[in-house]
Amino acid sequence: MSNERNASGPRIASVISPGLLAVLEELRPREPIFHHPEFGTKRRDYEAMTDTEFWEVRASGRRYSREFVLDKYLITYTLHQGNRGTRRATLWRRTAAGWTVLYHQGTMVEPDKQAREK
């Protein structure tokens with residue numbers, strides 16, 4: 001039984017047959033998926049790493065197709081307004097009618113933490 005931690009990801013506990021150890025070692029650095037810039041950051045990179053039949057289930061329990069997942073753009077930034085700072089994240093989708101927002105979040109940042117991050 002293995003209970004090792006991927007340097008950039010979650011702890012994986014499993015029973016590994018010797019024949020599958022090489023496969024595990026190839027795949028382990030790729031998890032969690034989409035979080036490793038060394039495997040690419042452009043749409044063509046994500047298209048290359050996902051099968052045409054790819055789909056995912058998100059925390060909401062909803063199922064999303066490859067096209068839906070790849071047609072999104074996440075923008076993150078810190079907004080400073082006087083002494084107040086918020087970290088912002090917006091998930092955008094390009095449609096035939098133009099850009100639409102799927103999700104937005106703003107989280108307050110403590111003033112002393114803002115100063116350290118500049």
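The values are calculated or read from the model by the stated rules, or taken from the named source; none is laboratory data. The shown structure was predicted, so the numbers you read here are calculated from the model rather than taken from an experiment. Note that each Cβ is placed from the backbone with ideal geometry, even for glycine, and that neighbours are counted across all protein chains shown. Side chains are part of the model used for accessible areas, which takes the heavy atoms of the whole protein and leaves out ligands, DNA and RNA. Shrake-Rupley method; radii C 1.70, N 1.55, O 1.52, S 1.80 Å.
General observations
- Within segment 48-62, the set of residues being under 20 Å from residue 103 (Cα atoms) and either touching a residue at least 24 places away in the same chain (Cβ under 8 Å) or open to solvent by 100 Å² or more (accessible area, probe 1.4 Å) (or both) comprises 55, 59, 62.
- The set of residues from segment 29-55 being in a loop (DSSP other than H, G, I, E, B) and small (Gly, Ala, Ser) comprises just one member, 40.
- Residue selected from segment 63-75 under the condition charged (D, E, K, R) and open to solvent by 100 Å² or more (accessible area, probe 1.4 Å), by the criterion modelled with the highest pLDDT: 63
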